[in-house]
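Notes to accompany the following structure.
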Amino acid sequence: MPPRGTAERDPPVATNHPIADQVKFTTCYMCACRCGIKVHLKDGGIRYIEGNRDHPVNRGVLCAKGSAGIMQHNSPARLRKPLKRVGERGRGEFREIEWEEALGTAVEWLGAIRARDPKRLAFFTGRDQSQALTGWWAQQFGTVNYAAHGGFCSVNMAAAGLYTIGGSFWEFGEPDWERTKYFLMFGVAEDHDSNPIKIGLGKLKGRGAKVVSVNPIRTGYSAIADEWIGIRPGTDGLLVLSLIHELLRAGKVDADYLARYTNAPWLVIDDEGAADHGLFARGTDRGALVWDRRRERLVAASDPDALPALSGERRLPDGRRGVPSFELLAKRYLDPRYAPEAVAAETSVPAATIKRLAAELAHVAFEEAIVVDQPWTDTRGRHHARMIGRPIAMHAMRGISAHSNGFHTCRAIHLLQMLLGAVDTPGSFRYEPPFPRLIPPSGKPAAPVGAGTPLASPPLGFPQGPEDLLVDADGKALRIDKAFSWEAPLAAHGLLHLVIANACKRDPYEIDTLFLYMANMSWNSAMNTAGTMDMLTARDPATGAYEIPHIIYSDAYYSEMVAYADLVLPDTTYLERYDCISLMDRPISNADHAADAIRQPVVKPDRDVRPFQDVLIDLGARLKLPGFVAADGRPKYPGFYPDYIVNHERKPGVGPLAGWRGANGGQQGVGAVNPRQLERYVENQCFWQGEIPPEGRYYKFANRAYLEWSREMGFRDHVEPVVLQLYSELLQRFRLAARGHGRVLPPPEHRERVEKYFDPLPFWYAPFEGGGDGYPLHAITQRPMAMYHSWGSQNAWLRQIHGENLLHIHRARAAELGIADGDWVAVSSRHGRITVRAKLMDGVNRDTVWTWNAIGKRAGAWNLALGAHESKRGFLLNHLISELLPPRDGGYRYANADPVTGQAAWYDLHVRIEKASMPAGHSEPAFAVLGAPSLPARPSVLRYGDKFRPPRPGP
Ligand code: SF4
């Protein structure tokens, strides 16, 4: 019988036409999230991209960017062949060359540097996802001048987190989406961890959890939050410290949690003027001391029977005084200057709102605590029958990070979490493996070495005190970006935004070759864009040679930076190569699983291009770098990146991928090389995950089961607790150096700055670029859901969503300035002036203007039509931002960056706006049109899909 209502004569309706003849799994690269995708192929062409429902990151969810990967692959901006510059730098005049010539040229330049002084190579990468390889390559080459883009993106977040709780937000931890009842976001945009956050927000909304977004702009996640706090940019730290003030005042902190898992009870030496003032009092075994309330005596903080006091002055064994760090903390934040009434005007958040938020946090944490009946054992052998949860989760991102006070703001947020007992407890923020790390994290930055020598360790690392800085006997920086110097001591991700300016000034020295990958440094990745272009083309007046003698650049597309390169190594798209999303780098773990993934080529390149990672390995072998050649001098990885992914071991049994290790693929984490490892990944849809045992899923910092599992997986060498650091002794060591104590001291001119900003407890200070002198408005960017940096704004589909950007102004503020919707306005900062169109709105802080990030394009770049909106009406705020702060006494200019980490302070920008008197009809400044290398013809309409359409029936 046919189904009811279906006439027998009706043919069945085909609802699911096969659209492809092949489906391949791989990993998306249209943003940093790394979702699993299924690429449907027909006749060898990409037909359709679908989210992989089995993938741990996205569970089938695919965003607009991910779908538009098709047009990324079909972009007319794709480079086709290696290029050698023939005209002046910056004009875009090239000759196509063969790969042998390209690699030979690179080897000639790089080989000469390595034989003379390896640090004359500055090797910096942008948004790549292969830093485990690129960092290792730099180490083998022997240059300290290496970093990726983190210094201008997130290092405040990373460093503050790692030095405070041994982990961080971003994609290294996640809210407990299943149990959180209250989710507080600070400055979160829609890129990193994009789909997991969207999926998670859906869960929270479905369960009725409260979502609060603190952000000057109500877009993206803020638009769907239950409460939007339209804060003044750069004042989040003050808001958080005021929340802490309120919690302390009400006595709403988790004292048990603080006493057990943080350094709150550790006694701090109070001996003003002494070399160890402000350091922890330690016993004979160097372990910190606490006061045991039960036994009424000093005991080791690690004593499992201790009942530590959180307050009270104690007499130390040497007769001096010590106070628990919690007491110092409470004294500081109970000060009336942190009262809601005292911070309301500065933050733009009413005092009543701050009080209510604090009360809500306290209520959820302590009145709605949850209990998970899961026994567990801590590292001190104490058995716990259940897990207590404080169901408040926090998440913070670049809106916090990209300020000159971002490090302390990030620390303040972690402090708030700890006071509520809301780090890795049920319902709160949760670490993702391999985190948490020990505090301070292991691995110090490598010091420069001599000619032809590899570095002793990776170039980037985590200083544990002034002795680990990369400075000479006079305190002068040893890196070109001045990372790990007194100007940016904890610059764990380097300072990419300073490299070109410093190289041009030969400060601290000259370099020979700037080698960049995926870093659009002549445009949207640079502060002071016009100035940076000048620096890239600057010549030594004495010799006429370029100040930066050689620039090698690798990119898949004709981005603005290509025109400034002398040698261009064309990369593939992400759908044409192998990649490794490694636990050594930026893994895709979640709080219950360790996970990693690969990309596999789903189509073959139709151009003479090569994956950058292959090229790097090839260069390593040609340069005979240790680790890239076998004992007989032949290439160690003749199969290039796939060969390296499988066969490289960073230490015995530990390689780039954790899954299917061991000769037969039966081991995970640690195991011998498995020649079939990549095949096993492909069979498993290109990802692997290993499950954390149930008893190890919370309290990971002190959970024996987790830490043992983590050691077995090769993530750590020892099972020892990670003590959360409310009070940072490490910062105090730098402060003591500034006071003249210790072996390595800052030069006199830096002492005041180090003394001020290396405060062991978080504090708030106004961002360096203040609004005085007639620049009353904050100016910031947001990243749209549909785009990720400059890749997206040349994508034929995504351009239809955001083809231009406008300057968004609060409606009331615009009225005061006499500006109407669509008016051309002149925007001035201390550094520059741009002319753009205005758009009025309500959902923005009244003292803030903003625009979408990286949509403006330089005419001629990206193979866009000359009249494209991106270059005619799009614009960058970058023109208004200086990479340096104004001169201080003596004329020296510090970086426009956080003084602790060197994080670029993009969001400190202040501007003035006026209605433009003579609107030019296009955004300004406009730069000379870039010449174009041989790129494919640019159709006026880029069509996709015609070739897949079945022939239409004839008339
Ligand atoms: S969130 Fe990012 S990685 Fe995931 S589908 Fe979208 S663009 Fe791709």
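Brief remarks follow.
- Accessible surface of the stretch 812-871, 1.4 Å probe, proportion on carbon and sulfur as whole %: 50
- Here, the stretch 264-340 has an Rg and a Dmax of 13.1, 44 Å when only alpha carbons are counted.
- Set against the 2.2 N^0.38 Å expectation for a compact globular protein, the stretch 520-560 has a Cα radius of gyration ratio of 1.29.
- Restricting the chymotrypsin sites (Phe, Trp or Tyr not before Pro) of the stretch 813-902 to loop positions (DSSP other than H, G, I, E, B) with no more than 16 neighbouring Cβ atoms within 10 Å leaves Tyr892.
- Computed accessible area, Ile224, all protein chains, 1.4 angstrom probe, square angstrom: 80
- Per residue accessible area in Å² of the stretch 733-778, where ligands, DNA and RNA are left out and the probe is 1.4 Å: 43
- Which of Arg114, Arg332, Arg59, Arg599 is most accessible, then next, and so on - probe 1.4 Å: Arg59, Arg332, Arg114, Arg599
- Calculated SAXS-style log₁₀ I(q)/I(0) at q = 0.23 Å⁻¹ - the stretch 626-742, Debye, Cα scatterers: -1.22
- Rounded to 0.05, the FRET efficiency of the Asp474 and Ala812 pair, given R0 = 56 Å and the Cβ-Cβ distance, is 0.55.
- Nearest-ten-degree value, helix 351-362 long axis tilted from longest Cα axis of the chain: 80
- The stretch 486-539: trypsin sites (Lys or Arg not before Pro) in DSSP loop, at most 16 other beta carbons within 10 Å: Arg506
- Across the accessible surface of the stretch 283-374, with the other protein chains kept in place and a 1.4 Å probe, carbon and sulfur atoms take up 50 percent.
- Exposed loop sites, defined as GluC sites (Glu not before Pro) outside DSSP H, G, I, E and B with at most 15 other Cβ atoms within 10 Å, are absent from the longest region of the chain, namely 650-955.
- Overall form of the stretch 799-850 per C-alpha gyration tensor (a/c, 1.5; a/b vs b/c): oblate
- Asp534 contributes about 100 Å² of solvent-accessible surface, heavy atoms of the protein only, 1.4 Å probe.
- Surface analysis of the stretch 851-892 yields an accessible area of 34 Å² per residue, using protein heavy atoms and a 1.4 Å probe.
- Only alpha carbons enter this Debye calculation for the stretch 411-471, each as an equal point scatterer, and the log10 of I(q)/I(0) it gives at q = 0.25, 0.26, 0.30 Å⁻¹ is -1.05, -1.08, -1.21.
- Note on the stretch 355-486: semi-axes of the ellipsoid equivalent to its C-alpha gyration tensor, largest first and rounded to whole Å, are 40, 21, 11.
- Cα pair distances of the stretch 848-927 binned at 5 Å [whole percent]: 3, 12, 17, 18, 17, 13, 11, 6, 2, 0
- When the alpha carbon gyration tensor of the stretch 53-131 is reduced to an equivalent ellipsoid, its three semi-axes come out at 35, 21, 12 angstrom, largest first.
- Farthest toward positive dipole pole in the chain [+1 Lys/Arg, -1 Asp/Glu at C-beta], among Phe763, Tyr553, Met71: Met71
- Estimated 222 nm signal from helices in the chain, with DSSP H stretches of n ≥ 4 weighted -39500 (n - 2.57), rounded to 500: -6500 deg cm²/dmol
- The alpha carbon centroids of the stretch 890-955 and the stretch 622-683 are separated by 39 Å.
- Comparing Cα centroids, the stretch 440-503 and the stretch 535-598 end up 21 angstrom apart.
- Cross-link pairs exceeding 18 Å between alpha carbons, from the set Lys81/Lys604; Lys181/Lys203; Lys65/Lys203; Lys24/Lys198; Lys119/Lys476: Lys65/Lys203; Lys24/Lys198.
- Protein accessible area in the stretch 6-93, 1.4 Å probe - carbon and sulfur %: 45
- Between Ser882, His789, Ala309, the Cα set farthest toward the positive side of the dipole of the chain (charges on each charged residue's Cβ, about the Cα centre) is that of His789.
- More than 21 Å apart - percent of Cα-Cα pairs taken over the stretch 142-261: 52
- For the stretch 214-294, the solvent-accessible area of protein heavy atoms averages 35 Å² per residue (probe radius 1.4 Å; ligands and nucleic acids excluded).
- Acute angle (nearest 10 degrees) that the helix 131-141 long axis makes with the longest principal axis of the chain, alpha-carbon atoms: 90
- Listed peptides 131-138, 735-742, 395-402 by packing density, highest first (mean Cβ within 10 Å): 395-402, 131-138, 735-742
- Kirkwood-Stokes translational diffusion coefficient of the stretch 799-920, alpha-carbon pairs, 4 °C, 1.567 mPa s, µm²/s: 82
- More than 26 Å apart - percent of Cα-Cα pairs taken over the stretch 705-823: 64
- Antiparallel bridges, percent of DSSP beta bridges restricted to the chain (to nearest 5): 65
- Largest first, the residues Ile388, Ile46 sort by 1.4 Å accessible area into Ile388, Ile46.
- Take every Cα pair under 8 Å whose residues are at least 6 apart in sequence, average their separation, divide by the length of the stretch 208-253, and the relative contact order is 30 percent.
- Acute angle (nearest 10 degrees) that the helix 612-622 long axis makes with the longest principal axis of the chain, alpha-carbon atoms: 90
- Along its principal axes, the stretch 25-92 has C-alpha extents of 51, 30, 17 angstrom, given from the largest down.
- Share of pairwise Cα separations in the chain, more than 43 Å, in percent: 33
- Within the stretch 521-645: Cβ-based charge dipole about Cα centre, in debye rounded to nearest 20 (Lys, Arg +1; Asp, Glu -1): 320
- Rounded Å value of the spacing that divides the Cα centres of the stretch 388-437 and the stretch 178-247: 12
The values are calculated or read from the model by the stated rules, or taken from the named source; none is laboratory data. Fair warning: this is a prediction, and the values are worked out from it, not measured in the lab. Please note: Cβ atoms are built from the backbone with ideal geometry, for glycine as well, and neighbour counts cover all protein chains shown. For accessibility, only protein heavy atoms count, side chains too; no ligands or nucleic acids. Shrake-Rupley method; radii C 1.70, N 1.55, O 1.52, S 1.80 Å.
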